[in-house]
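Single-structure report; data block below.
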C-alpha cells in the first residue's frame, strides 16, 4: 500500500483537490492519500517548497509526493518526476520539488511525456488532475520511473534551494516566516558545520538592514524573554528568533531577503 501525499495552493472551497483524489483512487484504489496542505499562498512556489521540504522527510520510504503550485501551467514548463533515495516527487518543473528532493538525495529527474500515464484529455489549466495525479497513481502501482519519459538534467534549480559559501561566509536567504515570527533561512546544520559553526558559538548575522550577533542555541529558553537568538529549528534549518517575541517584526525581515552568516 503506497502513500501519496498532496500539496497545493488550491484551497478547499473548490472541487480541485477532490478531483485529484478521485483520479488517483480510480487508478490505484489501494493508495493512502495524505494531505500536507492546500492552503499554500496562491502562486507562492517558495512557500510550497518550504512546506513540502518540512513535511516530506517524516513520510514512509517510497511515498509519492504530488505538489502543485503552478503559475506556469499550460506554458512550456515541463511536468517532471523526481526520484530520490527515499521517495518520489511529481509536479511542475518550476523549483517547487527540488528543495525537498535535494534533502533526500536527489537521484534522477524525468520529463513526464508518456500519454499512457495521463488522462485521455489533458486540459491546459489543470495538470494537477490530468497529469500529476495519474502519474502518481501509476507510479504507486509499480511502474518504473523511466517509463514516464526521458531523463533530464536541466531541471529548474531555484535560487533558494541552496546557500553559497565564500571565504567562510555563508550567503543564504529567508525561506519562510512562521506564525511565531521565527525567521527560517535556507541554511542547514551541515552548511554551518562547513565553516566550523556549532551550537554554543556566537554568530555574526547580516540581514538587509541589521548586523547582529547571536548565540547558536539549543532552545529558545536559553536566552531571556524578548532576547534574540539563533537555533536549528525542528525541520533542520537555521532560524533567527526572539524568545517569546517576533523576530521578523523586530528586525523588519521579509521572505526572500538575503542573510549572511559568519563566526564571531
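Examine region 28-51 for a residue that is within 12 Å of the chain's Cα centre (by Cα), over 27 Å from residue 154 (Cα atoms), buried (at least 19 other Cβ atoms within 10 Å of the Cβ) and modelled with pLDDT of 95 or more, and state whether such a residue exists. Within region 28-51, one or more residues are within 12 Å of the chain's Cα centre (by Cα), over 27 Å from residue 154 (Cα atoms), buried (at least 19 other Cβ atoms within 10 Å of the Cβ) and modelled with pLDDT of 95 or more.
Which members of region 100-115 meet the condition of being closer than 17 Å to residue 4 by Cβ and either outside any loop (DSSP other than H, G, I, E, B) or in contact (Cβ under 8 Å) with a residue 60 or more places away in the chain (or both)?
In the first step, residues of region 100-115 are kept if they are closer than 17 Å to residue 4 by Cβ; the result is 100-101, 104, 112.
Hits for region 100-115 are 100, 101.
For a quick check of your reading: which strands (runs of 3 or more DSSP E) sit entirely within region 117-193 and have at least 2 residues that are touching a helix residue (DSSP H, G or I) at 6+ places or on another chain (Cβ under 8 Å) and outside the structural domain of residue 231 (by TED's automatic domain parsing)?
On the way: elements: 164-166, 169-177, 183-188.
Here the list is empty.
Annotation: of all residues in region 214-239 being farther than 22 Å from residue 100 by Cβ and touching a residue at least 24 places away in the same chain (Cβ under 8 Å), the one that is surrounded by the fewest Cβ atoms within 10 Å (Cβ to Cβ) is 220. Please find, within region 157-181, the residue that is modelled with the highest pLDDT out of those that are surrounded by fewer than 18 Cβ atoms within 10 Å (Cβ to Cβ) and closer than 30 Å to residue 117 by Cα. The extreme case among them is 157.
Tell me, yes or no, whether region 11-27 has at least one residue that is in contact (Cβ under 8 Å) with a residue 24 or more places away in the chain, under 15 Å from residue 133 (Cβ atoms) and crowded, with 23+ Cβ neighbours inside 10 Å. Yes: one or more hits.
The values are calculated or read from the model by the stated rules, or taken from the named source; none is laboratory data. Since this is a predicted model, take the numbers as computed values, not measurements. Cβ sites come from the backbone with ideal geometry, for glycine too, and all protein chains shown count toward neighbours.
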